[in-house]
1. So is Tyr108 modelled with pLDDT under 95 and hydroxyl-bearing (Ser, Thr, Tyr) or not?
2. Quick one: what pairs do we get from segment 175-193, first residue modelled with pLDDT under 85, second outside any loop (DSSP other than H, G, I, E, B) and surrounded by fewer than 17 Cβ atoms within 10 Å (Cβ to Cβ), C-beta under 7 Å, 6+ apart or different chains?
3. Take Tyr267 and tell me if it is closer than 23 Å to Leu300 by Cα, buried (at least 18 other Cβ atoms within 10 Å of the Cβ) and either modelled with pLDDT of 80 or more or in contact with a helix residue (DSSP H, G or I) (Cβ under 6 Å, 6 or more places away or on another chain) (or both).
4. Would you confirm, using the coordinates I've provided, whether Gly65 is modelled with pLDDT of 95 or more and closer than 22 Å to Leu290 by Cα?
5. Confirm whether Asn179 is at positive phi and more than 12 Å from the ligand (Cβ to nearest atom).
6. In segment 242-264, is there at least one residue being within 27 Å of Ser143 (Cβ to Cβ), buried (at least 16 other Cβ atoms within 10 Å of the Cβ), away from the ligand (no atom under 13 Å from the Cβ) and touching a residue at least 12 places away in the same chain (Cβ under 8 Å)?
7. Out of the residues in segment 143-158 meeting the condition of being closer than 25 Å to Leu53 by Cα and more than 10 Å from the ligand (Cβ to nearest atom), tell me which one is surrounded by the fewest Cβ atoms within 10 Å (Cβ to Cβ).
8. Just to be sure I understand the filter: pairs with C-beta atoms under 6 Å, separated by 6 or more residues or on different chains, first member in segment 118-143 and closer than 18 Å to Ser172 by Cβ, second member of a type in the set (Lys, Arg) and at pLDDT 95 or above. Which pairs pass?
Amino acid sequence: MFRTLNPSYRIGKYALVYINVLCMQNKITMTSIFTVGIIGCGPIGIECGLHALHNGYNILLFEVGDDLASNICLWSHVQLFTPFRMNISSLGQTYLQAELTKDELNSYLTGQEYIEKYLRPLGLKFINNILFKHRVISIGRYSDENKFVLLVEDKNENMEKYYYVDYLIDASGTYKCPNSIGIGNIPAVNEQRLESFIKYDIPNLNDDRIKLSLAHKRILLVGKGHSAANSALLLEEVLQNVDYIIANVGYQPDRALYSNLNVHECYKTKGPISLAAKLLASCNDTTDCLKQISHGKESLKTTESNFFIVGVKSYGKLTNFLLKIGFEQVEQVFQLINESR
Ligand SMILES: Cc1cc2nc3c(=O)[nH]c(=O)nc-3n(C[C@H](O)[C@H](O)[C@H](O)COP(=O)(O)OP(=O)(O)OC[C@H]3O[C@@H](n4cnc5c(N)ncnc54)[C@H](O)[C@@H]3O)c2cc1C
């Protein structure tokens, strides 16, 4: 059996590393054992939390930010392109316990409104299971016990810890890993050197400080198209004529997190192979991204048993992910978990 020590027991940083090694050898852990671990508390991580609650599982959610949906907080001023009715799940609606009017369901919320109207009330249902300011650094297999071991940075305590879980769901998004500007997703010439002049997110012009910092500046906006990338090829030259570059060039998954697991990835999209194969095969089926369908629970199995990648990260470099697909994914992942127990 695993034994739990009081996590508030404070010792020096180096002693802690030693204790953690002892934990592995003597099967003592400094934290409780939870069945389902979830990385990321965005809309899809929150949906995972609801399903875990619904199924009566122990859960632990790791969130690097100090609030839920902290990636959406970075684009909280942007209006979602799908109506509210497409951004809520049936389980979410049940837990919300609020009657939504037709007008509300058809409205287009900003990121901030979406957080306040939907994500926060739901996150509060299992708020005690969320570890804020906890960044998952790396994941491995603790083979003796068929568990996952996670190395986690606790930013509150400024220390690192191990956590052990039986099932692991990676819903950590892609927003913190923007693509590079250059052709073929490699950095443009001088891009890394001139990083401080380049903004990869969508500036919030409602924020006076940001508005002021960009006022009267010459700004080059780089989109995802090749011509835009071409124009930014020689950034140093470009910067002789502009003050800033805003590069909205898409995102890609941080795969370093699970590089010690046996996850077979698609060489093209960098998403997990089964789902990537389905997505690539169906990308010409419909030109309307809103009409896409999910590809069933089998497509969500990775080559590492009991490890799942959901949400926008599951699409790898593909750009057509939708929240409604993510909600279906989570439902299917919990079907797989239920079947395996
Ligand atoms: C500007 C913008 C507008 C969009 N509008 C729509 C729309 O209208 N409709 C739609 O269907 N989709 C939309 N999307 C696409 C997609 O639905 C969103 O990106 C959505 O936020 C994805 O949810 P997620 O939970 O998968 O990831 P995220 O919302 O990115 O959440 C991931 C969470 O994981 C945390 N995290 C990351 N790394 C770690 C780590 N190592 N350890 C611990 N925590 C970690 C992050 O802090 C974050 O809270 C939009 C995307 C963007 C960028």
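The values are calculated or read from the model by the stated rules, or taken from the named source; none is laboratory data. Since the structure is predicted, the reported quantities are computational estimates derived from the model, not experimental observations. Note that each Cβ is placed from the backbone with ideal geometry, even for glycine, and that neighbours are counted across all protein chains shown.
1. no
2. Pairs that qualify, where the first residue is modelled with pLDDT under 85 and the partner is outside any loop (DSSP other than H, G, I, E, B) and surrounded by fewer than 17 Cβ atoms within 10 Å (Cβ to Cβ), are Ile183/His226.
3. no
4. Here the answer is no, as Gly65 does not meet what is asked.
5. For Asn179, the condition - at positive phi and more than 12 Å from the ligand (Cβ to nearest atom) - is not met.
6. yes
7. Asn146
8. These pairs meet every condition: Lys133/Lys155.
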